[in-house]
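All remarks here apply to the structure that follows.
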Amino acid sequence: MNIEKLIDDYILAWNKQDVAELLGLMDAGASYYDAFWMETCTGKDLWQYFSDAFSDENYWYKQIGDVIAIDSGVVFRYSAHERTNSRISQEVYQGAEALIIIDGKIVTVSDHYCNPGRSALVEAGKLAAKRHGQTRYAASGFGASREAHIRRELKTKLKTEKIFLDPELTLEKLSGQIGCSSDYLSDIINTEFGADFRAVLNKKRAEFAKALLRLKSADPDYLSHVAVRAGFRSVTEFKTSFSKAFGMEPEDFGRYRIEKFEPNDKHLMQ
C-alpha cells in the first residue's frame with residue numbers, strides 16, 4: 001500500500017469538497033474525531049457530517065513536513081488556507097491528523113487544530129489508535145457544530161417555511177428533511193422549546209390561527225377554515241390547542257377581534 005498516495009488522495013478529496021471521494025478512502029464503519037469540537041462521528045452519519053463541514057467552511061489544505069509512521073497508521077501536519085474568489089490565500093492555521101489504516105482503508109481520523117512537535121504527533125497517533133479500538137462504542141452523530149446546524153435548520157423550517165402548516169407532518173418526516181435521526185431531533189426540540197414535538201407544532205399552529213382570526217370575516221364556517229389553514233386535523237384539535245395557548249376559545253377571540261377590527265391587522269398574515 002502506498003501511504004503517501006493515500007494521504008495525497010485524502011487531502012485532494014478535502015480540497016475538492018467531494019464527500020463521495022472522501023468516504024471512498026474510508027472504511028464503512030470509520031470514525032472521525034474533531035478535537036476542536038471534541039466530537040466523534042461514525043459510520044453512516046459521516047456523509048452528512050462532511051457535507052455540513054464543506055458548507056460551513058471554505059479552506060484549501062496541503063500536507064507539510066514529514067509523514068510519521070505509527071502503529072497501524074500515520075500522522076502528518078497540514079496547513080489550512082482560506083479560498084477567496086477561487087484564489088488561495090496566505091496560511092490561516094496549521095493542524096495535524098492521525099490516520100489509522102487497515103487493509104488499505106482509513107478506519108479512524110483524529111483531527112487536531114494545532115501544530116505539535118514530533119513527540120506530540122506520535123502521542124496523537126497513539127490516542128487515535130486507542131480511539132479506533134472504541135469506535136463501535138463511539139457516539140454516533142453529533143457534537144456542538146452539528147447540533148448548531150440542526151438548530152438553525154429547525155428554526156428555518158418553523159419560521160420561514162412554516163412546515164407546521166402541513167397536517168401530515170411527523171417527527172420522522174421532519175427529521176428526514178433536516179438530515180438527522182428522529183430521536184436526536186426530539187431531544188433538540190425538547191431542549192430548545194421545553195416541550196415535545198407535537199406540543200410545539202400545535203403552539204405554532206395556534207399562533208398562526210390567531211393571526212387569521214385577527215382578520216374580519218362573516219363566514220359562519222370561518223373557524224373551520226382557519227383550523228384547516230393553520231394545519232390542524234380537526235376543529236376540536238384547533239380549539240383545544242388554542243385554548244391551551246391563549247386561555248380563551250378561538251370563537252371568543254374571533255368575536256372580540258370583529259368588534260375591535262382594524263384594517264392594518266392584515267399585515268400580520270404576511
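Read-outs throughout are calculated quantities, based only on the coordinates presented, and are distinct from any laboratory measurement. Values in this document were obtained by computation on a predicted structure and should not be read as measured data. For neighbour counting, all protein chains shown are included, and Cβ atoms are generated from backbone atoms with ideal geometry for every residue, glycine included.
Using the average count of surrounding beta-carbon atoms within 10 Å as a protection proxy, the listed peptides 60-73, 199-212, 227-240 rank, highest first, as 199-212, 227-240, 60-73.
If you average the C-alpha positions of the stretch 73-104 and of the stretch 157-195 separately, how far apart do those two centres end up, in angstrom? With the stretch 73-104 and the stretch 157-195 each reduced to a Cα centre, they are spaced 35 Å.
A simple spin-label model places pseudo-atoms 7 Å from Cα toward Cβ; at Thr170 and Tyr93 they are separated by 4.2 nm.
Length gained on full extension, Leu23 to Thr236, computed as 0.36 nm times the residue gap minus the Cα-Cα distance: 71.7 nm.
Given Lys159/Lys244; Lys210/Lys244; Lys16/Lys162; Lys16/Lys155; Lys44/Lys162; Lys44/Lys203, which pairs have Cα atoms separated by over 24 Å? Beyond 24 Å: Lys16/Lys162; Lys16/Lys155; Lys44/Lys162; Lys44/Lys203. Peptides 174-180, 220-226, 105-111, 49-55 ranked from most to least packed give 105-111, 174-180, 49-55, 220-226, packing being the mean of other C-beta atoms within 10 angstrom over each peptide's residues.
This ranking places Trp47, Trp14 by how few other beta-carbon atoms lie within 10 Å of each, fewest first, which gives Trp47, Trp14. At an R0 of 25 angstrom, the distance between the Cβ atoms of Asn58 and Ala148 translates into a FRET efficiency of 0.90. Taking 0.36 nm per residue of separation and subtracting the current Cα-Cα distance, fully stretching the chain between Thr84 and Thr191 would add 34.8 nm.
Full extension of the chain segment joining Ile102 with Asp219 gains 35.0 nm, where the gain is 0.36 nm per residue of separation less the Cα-Cα distance. For the stretch 182-202, the residues whose backbone nitrogen is under 17 Å from a point 7 Å from the Cα of Ala211, taken along Cα to Cβ, are 201-202. Placing a label point 7 Å from the Cα of Ser182 along the Cα-to-Cβ direction, the residues of the stretch 45-82 whose backbone N falls under 19 Å from that point are 45.
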